[in-house]
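Inspection log for the structure reproduced underneath, given as structure tokens.
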């Protein structure tokens, strides 16, 4: 399948970034500022730290307006839209832990779906055409990899994935009913790694839900051992296979999406197109950083599938974007960040 490449003269945009002090949001802000865009940050600090704002301003050498609020607070959000007058919005403010969503479904449905509805409503009302949505490969459910943007969306295997699938449908239907509202749905795979400065990385509150911060905390001695959920999948070594992508590459994908001149609803996978098993990640981390990890194999985790990796041709052909960094850079930068945490 061939797509027309969108090439436009990029002008400076004023962009609202919700969840902007989180892992992916903070890295995306760095890349946006590099390209000359103005950024306003909203975050409720439920899974982020206020110190990240200082780090962002240190890296970008720029003051970044920040508002502490939850995006489901429609009145406060509308006041911000009126005050700031945005050209675009990038929506990261969603709960994101697959395992946790199984046990806290109501919290996930409310936060993730309601926030999307409120922001779409405000974008239409205040004439913000560009809406970049943080979606996920989990919308493909337990289908067969590699997943392309035209792969069927089977019922997802966990509430987190279902909130992303619902939000996608809401944005697509809203775009159909409101010409000039142009959401871009970015289905990304498994971001890991950190900014090369060592100042930004994945720093969850409490016990990590994702693989890499747990790996780095075990390596640092904060956690006793790493649990590997299942070794009886039909994969190269029995452990789950995922398409791991460096968070900086992922951030650049968001920049490419917000700068593209696209009409209506558009969907793109953001990944590397290559699957890597959990044990391969562990071995790469040990080899690259000269550290032995303490891990054990445990039962499979509810909601997980065996293999997930992307077909990434469309993003390359339409957005001119592709991942550049490999597993070695991902595990190296993640450990560099962890070592810098006081």
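From the list 273, 230, 221, exactly one residue is in contact with a strand residue (DSSP E or B) (Cβ under 6 Å, 6 or more places away or on another chain), at positive phi and surrounded by fewer than 20 Cβ atoms within 10 Å (Cβ to Cβ). Which is it? First the steps, then the outcome.
Numbers: 230 fails: in contact with a strand residue (DSSP E or B) (Cβ under 6 Å, 6 or more places away or on another chain); 221 fails: in contact with a strand residue (DSSP E or B) (Cβ under 6 Å, 6 or more places away or on another chain).
Unique residue meeting the criteria: 273.
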query: Given the conditions (1) without any contact (Cβ under 8 Å) to a residue 12 or more places away in the chain; (2) under 21 Å from residue 302 (Cβ atoms), which single one is not true for residue 214?
result: (1)
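Of everything in the stretch 119-141, what is under 20 Å from the mean Cα position of the chain (by Cα) and over 19 Å from residue 256 (Cβ atoms)? Give them in sequence order.
119, 120, 138, 139, 140, 141
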query: Taking the stated definitions as given, is residue 326 on the phi < 0 side of the Ramachandran plot and under 21 Å from the mean Cα position of the chain (by Cα)?
result: yes
task: Would you point out the residue of the stretch 146-158, among those that are surrounded by fewer than 23 Cβ atoms within 10 Å (Cβ to Cβ) and at pLDDT 90 or above, that is farthest from residue 87 (Cα to Cα)?
output: 146
statement: Of those in the stretch 168-199 that are within 16 Å of residue 131 (Cβ to Cβ) and in a loop (DSSP other than H, G, I, E, B), the residue nearest to the chain's Cα centre (by Cα) is 181
- prompt: From the set of residues in the stretch 119-145 that are modelled with pLDDT under 95 and more than 18 Å from residue 25 (Cα to Cα), which is surrounded by the fewest Cβ atoms within 10 Å (Cβ to Cβ)?
  reply: 144
- request: Give the number of residues within the stretch 276-301 that are part of a loop (DSSP other than H, G, I, E, B) and either crowded, with 22+ Cβ neighbours inside 10 Å or touching a helix residue (DSSP H, G or I) at 6+ places or on another chain (Cβ under 7 Å) (or both).
  value: 5
message: List the residue pairs whose Cβ atoms are under 6 Å apart, where the first residue sits in the stretch 160-182 and is on the phi > 0 side of the Ramachandran plot, the second is assigned to a loop (DSSP other than H, G, I, E, B), and the two are 6 or more positions apart or on different chains.
response: 180/129
- prompt: Only one residue in 256, 219 is more than 26 Å from residue 157 (Cβ to Cβ), under 21 Å from the mean Cα position of the chain (by Cα) and not in a loop (DSSP other than H, G, I, E, B), so which one is that?
  reply: 256
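The values are calculated or read from the model by the stated rules, or taken from the named source; none is laboratory data. Note that this is a predicted model, so its numbers are computed, not measured. A quick note on method: Cβ atoms are made from the backbone with ideal geometry, for glycine too, and the neighbour counts reach across all protein chains shown.
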